[in-house]
1. Residues to consider are B:ALA68, B:ALA90; find the one that is within 14 Å of chain A (Cβ to nearest Cβ), touching a residue at least 40 places away in the same chain (Cβ under 8 Å) and among the aliphatic types (A, V, I, L, M).
2. All but one of (1) modelled with pLDDT of 95 or more; (2) within 14 Å of chain A (Cβ to nearest Cβ); (3) touching an Asp or Glu at 6+ places or on another chain (Cβ under 7 Å) hold for B:TYR35, so report the exception by its number.
3. Evaluate the following for B:LEU74: is it crowded, with 19+ Cβ neighbours inside 10 Å and either within 12 Å of chain A (Cβ to nearest Cβ) or free of Cβ contacts under 8 Å to residues at least 24 places away in the same chain (or both)?
4. Do we have any residue at all in segment A:7-19 that's closer than 17 Å to B:PRO39 by Cα, in contact with a Pro (Cβ under 7 Å, 6 or more places away or on another chain) and within 11 Å of another protein chain (Cβ to nearest Cβ)?
5. Only one residue in A:LEU39, A:LEU32, A:LEU46, A:LEU110 is touching a residue at least 24 places away in the same chain (Cβ under 8 Å), within 14 Å of the chain's Cα centre (by Cα) and within 17 Å of B:GLY40 (Cα to Cα). Which one?
6. Could you tell me which of the residues A:ARG22, A:ARG81 is in contact (Cβ under 8 Å) with a residue 12 or more places away in the chain, farther than 13 Å from A:ALA93 by Cβ and assigned to a strand (DSSP E or B)?
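The values are calculated or read from the model by the stated rules, or taken from the named source; none is laboratory data. Since we're looking at a predicted model, the values are computed, not measured. Cβ placement follows ideal geometry from the backbone for every residue including glycine, while neighbour counts extend to all protein chains displayed.
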Amino acid sequence: GAGVSQSPSNKVTEKGKDVELRCDPISGHTALYWYRQSLGQGLEFLIYFQGNSAPDKSGLPSDRFSAERTGGSVSTLTIQRTQQEDSAVYLCASSPRDIDGYTFGSGTRLTVV
Amino acid sequence: TQLLEQSPQFLSIQEGENLTVYCNSSSVFSSLQWYRQEPGEGPVLLVTVVTGGEVKKLKRLTFQFGDARKDSSLHITAAQPGDTGLYLCAGEWNYGQNFVFGPGTRLSVLP
């Protein structure tokens, strides 16, 4: 597609439920990143996929967070047993190579109530 | 953990004024990027700098990378209301790793 697409754009969930966030990167981009942005804050790195290499999961805040990237394209970020502190905007970005600038999606705004 | 600092945190100016925002780290960057983010949107890449002392211009925006590659500045000439947004710098300390983002400078340009 023309840009990075994320869905849903907004998600309200009850504390303790699981959620899945989806990212469709730009076709042909080998690198895919997930970041989290809390209200008024900068971006917090979560996880990074590069081609067929093992993902860099060093930013995941707890074992409730996991992500997959199927077929080198679409990625899903899963948060299990959501907590209120998980409320944030989850941003996905892709780039042609890991040293190029990122193209971000518009994000998924997650609210845990 | 390598950290990026940005200053000022907030900046409110009148249309037509000039301004400079800063990004710095205690470690040497392999490359640095500047992004602008508007409400409800993801950040949009403005520029990438790689070489110490490098200066890049994008219309009224001038980006400078410090000689020691530990700091960068963004200068806006004759600011316009359309420049309003969150300006983020992002640094990479080793090629091939993810970029680490600073906390941002929130700029408001009043008409």
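1. So the residue among B:ALA68, B:ALA90 that is within 14 Å of chain A (Cβ to nearest Cβ), touching a residue at least 40 places away in the same chain (Cβ under 8 Å) and among the aliphatic types (A, V, I, L, M) is B:ALA90.
2. Among (1) modelled with pLDDT of 95 or more; (2) within 14 Å of chain A (Cβ to nearest Cβ); (3) touching an Asp or Glu at 6+ places or on another chain (Cβ under 7 Å), the lone unmet condition for B:TYR35 is (3).
3. Answer is no for this residue.
4. no
5. So the residue among A:LEU39, A:LEU32, A:LEU46, A:LEU110 that is touching a residue at least 24 places away in the same chain (Cβ under 8 Å), within 14 Å of the chain's Cα centre (by Cα) and within 17 Å of B:GLY40 (Cα to Cα) is A:LEU110.
6. Working: A:ARG81 fails: assigned to a strand (DSSP E or B).
Selected residue: A:ARG22, the only one of A:ARG22, A:ARG81 that is in contact (Cβ under 8 Å) with a residue 12 or more places away in the chain, farther than 13 Å from A:ALA93 by Cβ and assigned to a strand (DSSP E or B).
Residues checked against (1) crowded, with 17+ Cβ neighbours inside 10 Å; (2) more than 15 Å from A:PHE45 (Cα to Cα); (3) away from chain B (no Cβ under 13 Å); (4) not hydrophobic (A, V, I, L, M, F, W, C):
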residue: A:SER66; (1), (2), (3), (4): no, no, yes, yes
residue: A:GLY71; (1), (2), (3), (4): no, yes, yes, yes
residue: A:VAL74; (1), (2), (3), (4): no, yes, yes, no
residue: A:LEU77; (1), (2), (3), (4): yes, no, yes, no
residue: A:GLN83; (1), (2), (3), (4): no, yes, yes, yes
residue: A:CYS92; (1), (2), (3), (4): yes, no, no, no
residue: A:ARG97; (1), (2), (3), (4): no, yes, no, yes
residue: A:GLY107; (1), (2), (3), (4): yes, no, no, yes
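Rundown of residues vs (1) of a type in the set (Phe, Trp, Tyr); (2) over 23 Å from B:ILE13 (Cα atoms); (3) at pLDDT 95 or above, yes/no style:
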{"site": "B:PRO39", "(1), (2), (3)": "no, no, no"}
{"site": "B:THR48", "(1), (2), (3)": "no, yes, no"}
{"site": "B:VAL55", "(1), (2), (3)": "no, yes, yes"}
{"site": "B:THR62", "(1), (2), (3)": "no, no, yes"}
{"site": "B:GLN80", "(1), (2), (3)": "no, no, yes"}
{"site": "B:ASP83", "(1), (2), (3)": "no, no, yes"}
{"site": "B:TYR87", "(1), (2), (3)": "yes, no, yes"}
